[in-house]
Amino acid sequence: MFLRYGSSEINQHSVHPDWCLTSDHAPLSIVIPIVDEIISTSKLSIQQKSEQENAFLEEITSSFKNFDTSNITNKEDLEFMVNKLNSLVNQVWNKNAKHLRITKHSKSQKSATRPSLTIEHQEV
């Protein structure tokens, strides 16, 4: 049996010599933990080319126009502004999107998924 080096979860095995039948081999057992997986059964979605999509885009566009970005002078100010924009997008998204239930028979529809704003940087 191949065991994972240094793994405390998987390397807990038991040898059972009392389970031997006519063979001189002793059965070896191992318990492999299986973690519960949470599967989302609903999502927020906005149908493309719908009134909700137009309302979402109009509200986001007008809000972005009103943002004052002249005070961004350093990385912290930029991250603060990106987080503020992200909160705004989430708020407007939740206002205009509707819950769709996902089932194994759900068909893929042309709909927008929630946008996300992230800022990534590399320090050299």
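The values are calculated or read from the model by the stated rules, or taken from the named source; none is laboratory data. For clarity, every value in this text was computed on a predicted model and none was experimentally measured. Cβ placement follows ideal geometry from the backbone for every residue including glycine, while neighbour counts extend to all protein chains displayed.
Going through Val35, Val82, Val31, Val89 one at a time, which residue ends up being out of contact with any helix residue (DSSP H, G or I) (no Cβ under 9 Å at 6 or more places or on another chain) and at pLDDT 90 or above?
After ruling out the rest, the residue left standing is Val82.
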Margin query: Whether any residue in region 46-54 is loosely packed, with under 11 Cβ neighbours inside 10 Å and charged (D, E, K, R) is what I want to check.
Written below: yes
